[in-house]
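Below: one structure, written as structure tokens.
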Amino acid sequence: MTSSNWNGGIGRKVEQGMSVSDMLKAANMDYTVKLSDIRFGDFGELSSDSKKVAYRSDTNALIDLYTNRKPLQNDQMVQLFQDFLNVAGLSITEIGSFDNGNSLWVSADLPVEYDWNVRAVGDITRSKLVLSDSHLNGRGMEVYTWSNRLVCTNGLTNKVNSKVAVITHSGGIDTAVVKTVLTGALRGLKLKGEIYETLAGVPMSVEEMTFNLINTLGDPDKPLDDQREVVKLAVKSFSGEGAGSEMMSAYNTAYGALQAVLDVYSNKTRTESAESRFASILRGDYAKKSREFERQLVSVYAR
């Protein structure tokens, strides 16, 4: 199995007919979650009736403390993902993990592609559906759309309809819910495409881009040289240092301003690992900040 660039190389491509077991081995997720009593006291003579320790079978690494939670094993997660995607007429194309191997994700290609007719430059963005689940407390199955600009592998995500929460670990797949989720995802991507095409037609100077950037992600009371690193890097990316910044859809446009911010979060910030960058772009601080700047541009230039 090979990796791909849109996820920072942490995903593994899934070949047609591949078994769940082989997928998990390729993603280094072929372990089970085991539970153990919590022992304490001077001689370990005491235990908790309500909490259990969840740990990995392969490394014995601690995952979390469970209270009346039954672990969903990795093969069950993948089967759940497959069942969900089968209802939608999709299939798993890649698999990977994050959160130190405690969270599992898969992706599927969606039939949505952006190509900006406003300038006819072939600046293509393709879309994916990303499903994730976790052994960590507080996180369940989640569904996201991921927009990937091919020229630079900049990623922008959006969480899909919360109705996916009714797909429980103990129950089966509700066909109506899957169709609702997929319909919402496709509708959202169509709207995004229309908005981005509008932004690609909005001229923007470096000074105007810097003003919007500082007002959203920086400190309006400080000059550019004293701004956070993400602000300074985004200005450089917009000014020609970012991959694809020279394309007519992005050169001195509002769309180029958005891509400059995505370029920083996708490629230029310092992170602990490729997994932590992926997780942040998917549903962490990078996702939050990217959408914040996107909303700023939309509110001013695409109303």
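The values are calculated or read from the model by the stated rules, or taken from the named source; none is laboratory data. Because the structure is a prediction, the values reported are computed rather than measured. Neighbour counts run over all protein chains shown; Cβ positions are idealised from the backbone, glycine included. With ligands, DNA and RNA removed, areas are computed over all heavy atoms of the protein, side chains included. Shrake-Rupley method; radii C 1.70, N 1.55, O 1.52, S 1.80 Å.
In the range 281-290, which residues are among the small types (Gly, Ala, Ser) and surrounded by fewer than 20 Cβ atoms within 10 Å (Cβ to Cβ)?
We begin by selecting, within the range 281-290, every residue among the small types (Gly, Ala, Ser); these are 284, 287, 290.
Gly284, the sole residue that qualifies.
Going by the structure shown, is Phe293 surrounded by fewer than 17 Cβ atoms within 10 Å (Cβ to Cβ), at pLDDT 95 or above and aromatic (Phe, Trp, Tyr)?
On the way: surrounded by fewer than 17 Cβ atoms within 10 Å (Cβ to Cβ): no; at pLDDT 95 or above: yes; aromatic (Phe, Trp, Tyr): yes.
Answer is no for this residue.
Being within 20 Å of the chain's Cα centre (by Cα), part of a loop (DSSP other than H, G, I, E, B) and not polar (S, T, N, Q) is the filter here; which residues of the range 4-36 pass it?
Listed by number, the residues that qualify are Trp6, Gly8, Gly9, Ile10, Gly11, Val14, Ala27, Met29.
So, of the residues in the range 243-284 that are among the charged types (D, E, K, R) and in contact with a helix residue (DSSP H, G or I) (Cβ under 9 Å, 6 or more places away or on another chain), which turns out to be farthest from Glu194 (Cα to Cα)?
Arg270
State the number of residues belonging to the range 42-75 that are farther than 24 Å from Ile95 by Cβ and open to solvent by less than 40 Å² (accessible area, probe 1.4 Å).
Residues meeting the conditions: 4.
Find the residue count for the range 37-78, including only residues that are closer than 22 Å to Gly140 by Cβ and part of a strand (DSSP E or B).
Going through the range 37-78 one residue at a time, the tally reaches 13.
Look at the range 183-208 and say how many of its residues are at pLDDT 95 or above, in a helix (DSSP H, G or I) and either among the charged types (D, E, K, R) or surrounded by 17 or more Cβ atoms within 10 Å (Cβ to Cβ) (or both).
2
Of everything in the range 122-160 that's more than 9 Å from the chain's Cα centre (by Cα) and open to solvent by 60 Å² or more (accessible area, probe 1.4 Å), which residue is modelled with the highest pLDDT?
Ranking the qualifying residues of the range 122-160, first place goes to Asn137.
Can you give me the number of residues within the range 239-270 that are of a type in the set (A, V, I, L, M, F, W, C), open to solvent by 10 Å² or more (accessible area, probe 1.4 Å) and farther than 12 Å from Asn154 by Cβ?
Number of matching residues: 2.
For (1) of a type outside the set (Phe, Trp, Tyr); (2) more than 30 Å from Thr175 (Cβ to Cβ); (3) without any contact (Cβ under 8 Å) to a residue 60 or more places away in the chain, each residue gets a yes or a no:
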residue: Arg12; (1), (2), (3): yes, no, no
residue: Ser19; (1), (2), (3): yes, no, yes
residue: Asn28; (1), (2), (3): yes, yes, no
residue: Ala61; (1), (2), (3): yes, yes, yes
residue: Gln79; (1), (2), (3): yes, no, yes
residue: Leu85; (1), (2), (3): yes, no, yes
residue: Glu94; (1), (2), (3): yes, no, no
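Could you tell me which residue of the range 76-106 is nearest to the chain's Cα centre (by Cα), considering only residues that are closer than 25 Å to Gly17 by Cα, of a type in the set (S, T, N, Q) and open to solvent by 20 Å² or more (accessible area, probe 1.4 Å)?
The extreme case among them is Thr93.
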